[in-house]
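Take a look at the structure below.
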Amino acid sequence: MLFLYSIDNQTKMGRFIMCVIFLSLFWINEVSLVLGDIGTATSYNPPYTPTKCGGNRADQFPSGNLFVAVSEGLWDNGAACGRRYRLRCLSGNNRPCKEGTIDVKVVDYCTKRPCPSTIVLSSDAFAEISHSQNAKINIEYVQI
């Protein structure tokens, strides 16, 4: 009888350990979902020039028009010019997010006071991550 009892306890212990491992992996996966900073994004439309970074130069804009203007918190007295960020849509009203990430380049300083969001995307960049062009969305962003 003692032998059967210890086998039963070993089975229960094995199940317990498997549950702990499974939950740990789930928790690690959830924690690693957000690796960057969290902010908000809106869009802006042409004309995009002149900008604070490149004035009227056409070569300041990356291919695909994936560029942004940044708010005071990211502007860093102009040091943000040329910085690149990888960002993705996290949430917003009416499920605006598209899957995936985009890489954008800072070409301007948000001139509206107060700035409507952390990062203001060109209309082309915004269309890459959101179904709704006039939405304010929550984003994750990381400098690359």
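The values are calculated or read from the model by the stated rules, or taken from the named source; none is laboratory data. Here the structure is a predicted model, which means the values were calculated and not measured. Glycine also receives a Cβ, built like all others from the backbone with ideal geometry; neighbour counts cover every protein chain displayed. Ligands, DNA and RNA are excluded from the accessible area calculation, which covers all protein heavy atoms including side chains. Shrake-Rupley method; radii C 1.70, N 1.55, O 1.52, S 1.80 Å.
Of all residues in the stretch 46-83, which are among the aromatic types (F, W, Y) and more than 18 Å from I144 (Cα to Cα)? Full working, then the answer.
First, pick out the residues of the stretch 46-83 that are among the aromatic types (F, W, Y): 48, 61, 67, 75.
If the condition is that a residue be among the aromatic types (F, W, Y) and more than 18 Å from I144 (Cα to Cα), then Y48 is the only one that fits.
From the list Y85, Y48, the lone residue that is open to solvent by less than 40 Å² (accessible area, probe 1.4 Å) and part of a loop (DSSP other than H, G, I, E, B) is Y48. Could you count how many residues in the stretch 80-122 are touching a residue at least 60 places away in the same chain (Cβ under 8 Å) and either in contact with a Phe, Trp or Tyr (Cβ under 7 Å, 6 or more places away or on another chain) or among the hydrophobic types (A, V, I, L, M, F, W, C) (or both)? Final tally of qualifying residues: 4. E99 fulfils the conditions (1) surrounded by fewer than 16 Cβ atoms within 10 Å (Cβ to Cβ); (2) of a type in the set (D, E); (3) not in a loop (DSSP other than H, G, I, E, B) except for a single criterion, (3).
If we scan the stretch 70-79, do we find a residue that is in the same structural domain as P46 (by the TED database), farther than 11 Å from A41 by Cβ and β-branched (V, I, T)? No: the stretch 70-79 contains no residue that is in the same structural domain as P46 (by the TED database), farther than 11 Å from A41 by Cβ and β-branched (V, I, T). Remark: S32 matches the filter, which requires a residue to be more than 14 Å from Q143 (Cβ to Cβ), open to solvent by less than 80 Å² (accessible area, probe 1.4 Å), among the hydroxyl-bearing types (S, T, Y) and modelled with pLDDT under 95. So, of the residues in the stretch 63-82 that are open to solvent by 30 Å² or more (accessible area, probe 1.4 Å) and closer than 20 Å to A127 by Cα, which turns out to be modelled with the lowest pLDDT? Per the criteria, the residue is S63.
For the stretch 102-109, the count of residues that are acidic (D, E), closer than 14 Å to S43 by Cα and over 17 Å from the mean Cα position of the chain (by Cα) is nonzero.
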